[in-house]
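Below you'll find the structure, written out as structure tokens, and then a few comments.
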Amino acid sequence: MMFNKSPMTHLTYHLSMLTDHARVDAYRQAIFDTVRPGDIVLDIGTGTGILSLFACQAGARRVYAIEAGRIIEAARAVCKQNGFDDRVVFMQELSTKVELPERADVLITETIGNFGLEESILGYVRDARQRLLKDDARILPASLALHVVPLEAPQLHAAIESWNQPIAGLDFSSVRPLVVNNPHWVKLDAAWMLGQPAQLCKIELACVTSRDICASTTCTVTKYGTLHGLGGWFSADLDGAGTVVISNAPPTETSWSHAFLPFETPCDMEPGDTIEITLRTVADATVWQWRGTCRRRSAATGATSEVARFNQSSFLGQMMPVGWLRRLSETHCPQLTEQGCIDQFILQMIDGSSSLKEIAQRAAARFPGVFSDPGKALERARLVSQRYA
Ligand SMILES: C[S@@+](CC[C@H](N)C(=O)[O-])C[C@H]1O[C@@H](n2cnc3c(N)ncnc32)[C@H](O)[C@@H]1O
């Protein structure tokens with residue numbers, strides 16, 4: 001998610017989505033097929049507001065347009081300009097933190113990641129079902145499927161291996177394990193595919209209960225080549241009838257990229273070889289694990305033997321300070337840092353009776369070593385108050 005980037009970064013990102021005509025047309029079609037006159041609609045991640053406006057055009061009585069980023073200001077302006085501001089209620093907040101005065105008949109959301117899950121759609125939809133939607137609410141997209149394919153991608157592999165080359169006479173090879181244990185977000189070329197893509201799983205959003213997935217499939221290799229990793233993308237059935245489906249499957253050009261899940265060690269493959277693949281994600285794809293086995297059947301004996309194994313995880317690719325895991329343990333007793341004490345001090349003074357200037361003066365007096373410049377104390381008081389008051 002990109003809540004804190006510059007305005008132009010936001011606007012360029014949103015324009016790329018608005019000009020992805022297949023995406024926009026599919027959502028409009030599905031919204032017109034799903035929203036009925038008089039419906040209450042919830043739009044999670046409204047962005048520039050386009051899906052909320054489609055819901056109004058389809059007859060929604062009220063639309064709750066939720067957006068965590070500042071792009072919501074653009075959405076408000078566009079909504080007014082198009083004459084729908086009497087029906088759309090904008091809320092700048094993460095959907096998991098909002099409360100609505102009524103439950104919605106329809107949820108629309110385009111929080112779909114390049115490989116489906118990494119924009120946290122599972123957690124957001126699950127939370128909305130529990131707190132914000134009617135029991136029989138229609139959810140758009142209705143389902144999300146993940147697909148994988150074996151890849152020969154020498155350019156992507158070369159970029160990983162460049163960490164093994166000395167740079168200015170220094171050894172950077174200790175970075176390679178981080179690079180090879182993370183998904184890479186790239187545009188895949190269909191010519192890199194070594195076999196047919198396979199569907200890993202299909203998740204029905206009306207009944208999903210977990211933010212984790214674990215799914216397996218087998219791909220068959222159809223040509224000679226070096227297996228450098230797996231490619232991944234999504235398809236989403238928007239209306240649940242299979243008639244309005246969007247996907248970023250290569251070679252289709254879309255506003256999404258794809259996933260490349262690299263292998264630690266590339267492996268030579270032959271037509272007929274199989275790759276058993278298991279993909280596991282934890283907590284809305286905060287962690288990705290890809291593991292499996294490549295096998296070959298002997299033409300002479302018919303026996304199948306193992307050619308290679310892979311087992312990688314973005315858990316091993318985290319750039320976390322030493323000790324971070326210990327600090328997450330339920331037995332850990334946390335203690336406030338000096339910065340924590342400053343925020344605690346400011347928070348205690350935010351009670352509706354002191355101005356920011358007074359709070360800053362008191363903070364500067366209490367923490368003179370930190371706030372030798374009084375302007376810094378005011379800056380800090382503003383930040384804390386913007387966040388919590
Ligand atoms: C992929 S964009 C889609 C924007 C717009 N709906 C469209 O179709 O053009 C997703 C937007 O959702 C926002 N977002 C993601 N998760 C959110 C959440 N749980 N609550 C509120 N906003 C969220 C992001 O800031 C981003 O602007």
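The values are calculated or read from the model by the stated rules, or taken from the named source; none is laboratory data. Please read these numbers as outputs of a predicted model, since none were measured by experiment. When we count neighbours, we look across all protein chains shown, and the Cβ atoms used for this are built from the backbone with ideal geometry, even at glycine. The protein model used for the area step is the full one, side chains on, heavy atoms only, and it has no ligands, DNA or RNA in it. Shrake-Rupley method; radii C 1.70, N 1.55, O 1.52, S 1.80 Å.
Looking at segment 59-66, is at least one residue near the ligand (Cβ under 8 Å from one of its atoms), surrounded by 22 or more Cβ atoms within 10 Å (Cβ to Cβ) and not in a helix (DSSP H, G or I)?
Yes, segment 59-66 contains at least one residue that is near the ligand (Cβ under 8 Å from one of its atoms), surrounded by 22 or more Cβ atoms within 10 Å (Cβ to Cβ) and not in a helix (DSSP H, G or I).
Looking only at segment 33-58, filter to residues that are away from the ligand (no atom under 14 Å from the Cβ) and of a type in the set (Asp, Glu); which one of those is most open to solvent (accessible area, probe 1.4 Å)?
Only one residue tops the list, namely Asp33.
Condition first: without any contact (Cβ under 8 Å) to a residue 40 or more places away in the chain, open to solvent by less than 70 Å² (accessible area, probe 1.4 Å) and polar (S, T, N, Q). Can you find one or more residues in segment 194-215 that meet it?
Scanning segment 194-215 turns up no residue that is without any contact (Cβ under 8 Å) to a residue 40 or more places away in the chain, open to solvent by less than 70 Å² (accessible area, probe 1.4 Å) and polar (S, T, N, Q).
In segment 7-32, which residue that is within 10 Å of the ligand (Cβ to nearest atom) and either of a type in the set (A, V, I, L, M, F, W, C) or loosely packed, with under 15 Cβ neighbours inside 10 Å (or both) is nearest to Pro141 (Cα to Cα)?
Across segment 7-32, the extreme among qualifying residues is Val24.
Please go through segment 250-279 and pick out each residue that is under 12 Å from Gly232 (Cβ atoms), more than 17 Å from the chain's Cα centre (by Cα) and not in a strand (DSSP E or B).
Pro250
Within segment 85-122, track down each residue that is of a type in the set (Val, Ile, Thr), buried (at least 22 other Cβ atoms within 10 Å of the Cβ) and away from the ligand (no atom under 11 Å from the Cβ).
The answer is Val88, Val106.
Of the numbered conditions (1) within 27 Å of Ala159 (Cα to Cα); (2) surrounded by fewer than 20 Cβ atoms within 10 Å (Cβ to Cβ), Phe234 satisfies every one except a single condition; which is it?
(2)
Among the residues of segment 67-84, count how many are within 8 Å of the ligand (Cβ to nearest atom), open to solvent by 10 Å² or more (accessible area, probe 1.4 Å) and among the small types (Gly, Ala, Ser).
Count: 1.
Tell me yes or no: at least one residue of segment 320-331 is modelled with pLDDT under 95, surrounded by fewer than 17 Cβ atoms within 10 Å (Cβ to Cβ), over 30 Å from His184 (Cα atoms) and not β-branched (Val, Ile, Thr).
yes
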